[in-house]
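Below: the structure, in structure tokens.
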Amino acid sequence: MKIAFFDTKPYDKPAFDKFGAEYGVDFKYYETKLNEDTVGLAEGADAVCVFVNDTVNAAVIDRLCEMGVRVVALRCAGFNNVDMKYAYGKIHVLRVPAYSPYAVAEHTMALLLTSIRRIHKAFIRTRDYNFSLAGMTGFDLHGKTVGVVGTGRIGRVFIDICRGFGMKVLAYDKFPAKDLDDGDTVKYVELDELFEKSDIISLHCPLTEETYHLIDGDSLAKCKRGVVLLNTSRGALVDAEALLAGIKSRQVGAACLDVYEEESDFFFEDYSGHILDDDTLARLISMPNVIVTSHQAFLTEEALYNIAETTVLNLMGFFENGQCPNELCYRCGSAEDCKDGKCF
């Protein structure tokens, strides 16, 4: 089995080499991202393996089908970079629904603590032997209300962490979990109430047509003044221009972002020797109350090995048995996991 592996980074190879050798899967690694210009590299492959910033649009899907490529194996949970409607009936799409919810949830809390306790500023100051505490006052998390949008695997782990800090949780999900709302420390509410009552808002939902720019000027206006926003899910959940305006007006007290809506042009690459030509991103990074990490919430050893193992097992299941439990199917409704294990 030959797999064209796009957008390869050094940290990808050890785990994929291990499980590839174990199951007889041959990965051909390409550093370039998959798009209309590079899709020809998949010639002769049985499947392509792609990540969050690879492009799987109609043109790419057509070219893959022409070359006899049968499968797009996503090594991530999100699939907003795949044209699922167009893929239906043409090519199979597999994903990794969960690799380490702890990795993402823990990174979210790390960002929050870094921001509100000024740890990033303290690190810089003390390296210059500046031990002043001026401007370093934070606030307790205990007793604060956190709004969690999305109560899937990652959202629920983050909720558990927040409860450990003695926080109250307001949750929203289109499909609420039956056993989560205890009527006390965790309550499901509508989005408007979550915006209105939360001191901190954390996003843990997929990017869909419904959630695109979930955080925009209107929603920020409903929030408490000084709200802290956390996004470790998908960049386009947040209207970056509206967020910037909210920070400048002091409506947003702080923002911690592991994702950005135009990140595909920059994230995962080294631009330290270049001028950043995205003015919005540059302005966000320059803000003293904004922390930006480069889509690294998933990046733990455990997650990398889980991603590799699940991806390889997805491929083995499909090519050996003709079906995979982690196949996505537009027919089954809004590109949710396929209920019968087959797309067509």
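The values are calculated or read from the model by the stated rules, or taken from the named source; none is laboratory data. These figures come from a predicted structure and were not determined experimentally. Note that we place each Cβ from the backbone using ideal geometry, even for glycine, and neighbour counts take in every protein chain shown. What goes into the accessible areas is simple: the full protein's heavy atoms, side chains included, and nothing from ligands, DNA or RNA. Shrake-Rupley method; radii C 1.70, N 1.55, O 1.52, S 1.80 Å.
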Listed here are the pairs 28/90; 9/174; 222/248; which of them are more than 25 Å apart at the Cα?
9/174
Length added when fully stretched, residue 113-residue 127, from 0.36 nm per residue minus Cα-Cα
3.0 nm
Taking 0.36 nm per intervening residue step and subtracting the Cα-Cα distance, what contour gain separates residue 271 from residue 28 on full extension?
84.9 nm
Rank 73, 47, 29 by how far each Cα sits towards the positive end of the charge dipole of the stretch 15-105 (+1 on Lys, Arg Cβ; -1 on Asp, Glu Cβ) and give me just the farthest.
73
Full extension from residue 283 to residue 248: what is 0.36 nm times the residue separation minus their Cα-Cα distance, to one decimal in nm?
11.5 nm
I need the P(r) histogram for the stretch 252-332: all alpha carbon pairs, bin width 5 Å from 0 out to the longest distance, whole percents.
3, 11, 15, 15, 13, 12, 11, 10, 7, 3, 1
Based on the Cβ-Cβ distance from residue 218 to residue 174, what FRET efficiency comes out when R0 is 25 Å, to the nearest 0.05?
0.85
Over the stretch 121-260, give the accessible area per residue in Å² for a 1.4 Å probe, as an integer.
50
Can you give the charge dipole size of the chain about its Cα centre, rounded to the nearest 20 debye, using +1 on the beta carbon of Lys and Arg and -1 on the beta carbon of Asp and Glu?
1000
Once both label points are put 7 Å beyond Cα along the C-beta direction, the residue 37-residue 321 separation in nm becomes 4.1
Percent accessible area from carbon and sulfur atoms, the stretch 52-198, protein chains only, probe 1.4 Å:
52
If you look at just the Cα atoms of the chain, how large are its Rg and its Dmax in Å?
21.1, 64
